[in-house]
Amino acid sequence: MNTIYRITILAMALVLSVSAKAQQDPNYTFYRYNMNIYNPAFAGSSEGAELSLGIRSQWAGVEGAPESQSAIFGMPVGRKLGLGVSILNDKTFIERQTWVAIDVSYHIQLDEDHTLYFGIKGSANSYDANTDGLITYGVGQDGALVGYESRFTPNVGAGAFLKHDRYFVSLSAPKLLTPDRLQERDGNAYLGVDRMHAYLSGGYTFLLGKTLDLKTMGMFRYVDASPVSVELTSLLDFGERFEFGASYRFEESVSGLVLFKISNGLNIGYAYETALQSPIDGLDNNTHELFMRMSL
């Protein structure tokens, strides 16, 4: 790749990275297994303590391309409470942020088959933007960004989760406050605000045989002043061996994913996602995601 082409790609990608039209929080193909990030009510909803780790990498080969790492821990505490900790590290060209959250949940047994969980999330976010990079790649900036310093901001969130052996329903808003962050309008960067994200998701498991299930699930993501994002996923679950399937994010991307059951307490997954439209001609617009879940 020659220097001029490389700079062109980076300049356009910088604009995309602070675009006001885009969703501001990262998506995960393995969202069903990362639900603590979105909904604090999931904390402690499993039978025992669980630890999940994830890595998501986009636009391989481009320096500074979007990349996210996550670590999620959850466990039941006593008869009614759950506790969770989530750490999310996200970088997108000139932006870097680390989000740490603590979840507390409380559940009510509605009947023999249904359990209703309520959760609250307290979090803190360290956000930094290298505004010098905007000048380097020819992106204009508002005067308020001169001398921009990193920010450390608290936040709160809430959610509810209805659990059944065969299905679930989840509704949440993990960050209710809107701290400052970089945005873009008409090719110029300016200091805007982080937008509230709301998530509605659900899933149903069809029993196809003694060792074969079909897991269907979906997620609706709403970001203030942006179109609703819809993602649908189906997985074939081959008992104690592995799961594989596909996911479709409406008008955005398609994915293939597989989850291997290494042992009773260890699952390892991989997802390959490709965008339906490339924002930059000739750019590798594919995304790789690795996932690991351990029962402790």
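Here are a few things to note about the model shown:
- When Gly82 is tested against (1) under 13 Å from the mean Cα position of the chain (by Cα); (2) modelled with pLDDT of 90 or more; (3) over 19 Å from Ala271 (Cβ atoms), just one condition goes unmet, and that condition is (1).
- Residue check for Gly44: part of a loop (DSSP other than H, G, I, E, B) and either of a type in the set (Phe, Trp, Tyr) or at pLDDT 90 or above (or both): yes
- If only residues of the range 259-269 that are part of a strand (DSSP E or B) and surrounded by fewer than 16 Cβ atoms within 10 Å (Cβ to Cβ) are counted, the one that is modelled with the lowest pLDDT is Ser263.
- Residues satisfying the stated conditions in the range 49-71, i.e. assigned to a loop (DSSP other than H, G, I, E, B) and modelled with pLDDT under 90: Trp59, Ala60, Gly61, Val62, Glu63, Gly64, Ala65, Pro66
- Among the residues examined, Tyr117 qualifies as at pLDDT 95 or above and surrounded by 19 or more Cβ atoms within 10 Å (Cβ to Cβ).
- Here Gly138 clears all of (1) in contact with a helix residue (DSSP H, G or I) (Cβ under 8 Å, 6 or more places away or on another chain); (2) modelled with pLDDT of 60 or more except the condition numbered (2).
- Some residue of the range 156-170 being farther than 28 Å from Leu276 by Cβ, assigned to a helix (DSSP H, G or I) and either out of contact with any Pro (no Cβ under 7 Å at 6 or more places or on another chain) or modelled with pLDDT under 95 (or both): no
- Scope the range 114-127; condition over 21 Å from His197 (Cβ atoms) and either touching an Asp or Glu at 6+ places or on another chain (Cβ under 6 Å) or part of a strand (DSSP E or B) (or both); matching residues: Thr115, Leu116
- In the range 72-113, the residues that are part of a loop (DSSP other than H, G, I, E, B) and surrounded by 14 or more Cβ atoms within 10 Å (Cβ to Cβ): Phe93, Ile94
- Residue within the range 10-29 that is at pLDDT 85 or above and not β-branched (Val, Ile, Thr) present: yes
The values are calculated or read from the model by the stated rules, or taken from the named source; none is laboratory data. Only a predicted model underlies this, so the values are computations on that prediction, with no experimental measurement involved. Methodologically, a virtual Cβ is constructed for each residue, glycine included, from the backbone with ideal geometry; neighbour enumeration extends over all protein chains shown.
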